[in-house]
Structure formats: C-alpha cells, structure tokens
Amino acid sequence: MSIWASDNRNGHVREALTLLLSQGVIDDFRIRPDDEFPFRVQVPAGIIPMTEHQAAHFALGAATAHFGDLARDGAP
C-alpha cells in the first residue's frame, strides 16, 4: 500500500506541495513543465523557483519543520 495517489516523483512532489498548501505552510505553488525551474513555490518572502529535485527537498524540510514537534510528541 502506498501513501501516494500518483506513481511518479513529479506527482509525489505535487502532492507534497498540495499538503503544505492545505496546512498553510506555503501560500501557493505553480508548476510550469516547460520551464528550467518548473516548481514555483510562494512563501511570504516571495516566489521561489525550483527544480523537481529542489522542490522535493524543500517539501521534506518544510514538512519536518512544520510537523516535527507533533511527530516528536508521539501518539496520545
């Protein structure tokens, strides 16, 4: 069983960014497939253009920072 709805890395990154958007961690994101830096993530400081690889690492770091305390507290 997989936690991902998609079956490729691009889809996984899109799903991770959607999660971050729904949790209010990022303000918005856009994907421009034909661009050199196709992932555009909007945060309060501005828009950050990223490659798929960079966006994947960004999503992991943002999720860890946002949910880290919750994960360390453990289940009730």
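The values are calculated or read from the model by the stated rules, or taken from the named source; none is laboratory data. Fair warning: this is a prediction, and the values are worked out from it, not measured in the lab. Cβ coordinates were reconstructed from backbone atoms using ideal geometry, including for glycine residues, and neighbour counts include every protein chain displayed. Quick note on the areas: whole protein, heavy atoms, side chains included, nothing else; ligands and nucleic acids left out. Shrake-Rupley method; radii C 1.70, N 1.55, O 1.52, S 1.80 Å.
Over the stretch 11-66, give the accessible area per residue in Å² for a 1.4 Å probe, as an integer.
Values: 3370 Å² over 56 residues.
Accessible area per residue, the stretch 11-66: 60 Å².
Heavy atoms only, probe 1.4 angstrom, no DNA, RNA or ligands counted: give me 6, 22 ranked by accessible area, highest first.
Working: 6 30, 22 85 Å².
Result of the area sort, largest leading: 22, 6.
Given a cut-off of 17 Å, what percent of all Cα-Cα pairs of the stretch 7-49 lie beyond it?
Values: 262 of 903 pairs.
Summing the P(r) of the stretch 7-49 above 17 Å gives 29 percent of all pairs.
Working from Cα positions, state the angle (0 to 90°, nearest 10) between the long axis of helix 52-73 and the longest principal axis of the chain.
20 degrees
Can you check what the net charge comes to around residue 52, using other residues whose Cβ is under 14 Å from the Cβ of residue 52 (Lys, Arg +1; Asp, Glu -1)?
Numbers: positive: 9, 14, 30, 32, 40; negative: 15, 34, 35, 36.
That sum, taken over residues with Cβ under 14 Å, equals +1.
What value, in deg cm²/dmol to 500, does the helix sum -39500 (n - 2.57) over DSSP H runs of n ≥ 4 give at 222 nm once divided by the residues of the chain? Don't jump to the answer; show the numbers that get you there.
Numbers: 2 runs with 36 residues, N = 76.
When only DSSP H runs of four or more count, the value is -16000 deg cm²/dmol.
Relative contact order of the stretch 4-47, please, whole-number percent, based on alpha carbon pairs below 8 angstrom and at least 6 residues apart.
Values: 37 pairs, mean separation 10.6, N = 44.
Worked out over the stretch 4-47, it gives 24 percent.
Let me check something: with ligands and nucleic acids excluded, how do 13, 25 order by accessible area (1.4 Å probe), largest to smallest?
Working: 13 5, 25 40 Å².
Result, largest first: 25, 13.
Note the angle between two axes, namely the Cα long axis of helix 9-22 and the longest principal axis of the Cα atoms of the chain, as a number of degrees from 0 to 90, rounded to the nearest 10.
60 degrees
Rounded to the nearest percent, how much of the accessible area of the chain (1.4 Å probe, protein heavy atoms only) is carbon and sulfur? Intermediate results must be reported in sequence, preceding the final value.
Numbers: 3030 of 5400 Å².
Taking all protein chains in place, the chain shows 56 percent carbon and sulfur surface.
Under the definition of Cα pairs under 8 Å and six or more residues apart, what whole-number percent is the relative contact order of the chain? Walk me through the intermediate numbers first.
On the way: 71 pairs, mean separation 16.5, N = 76.
In percent, rounded to a whole number, it is 22.
For the chain, max minus min Cα coordinate along each principal axis, in Å, sorted largest first?
46, 35, 18
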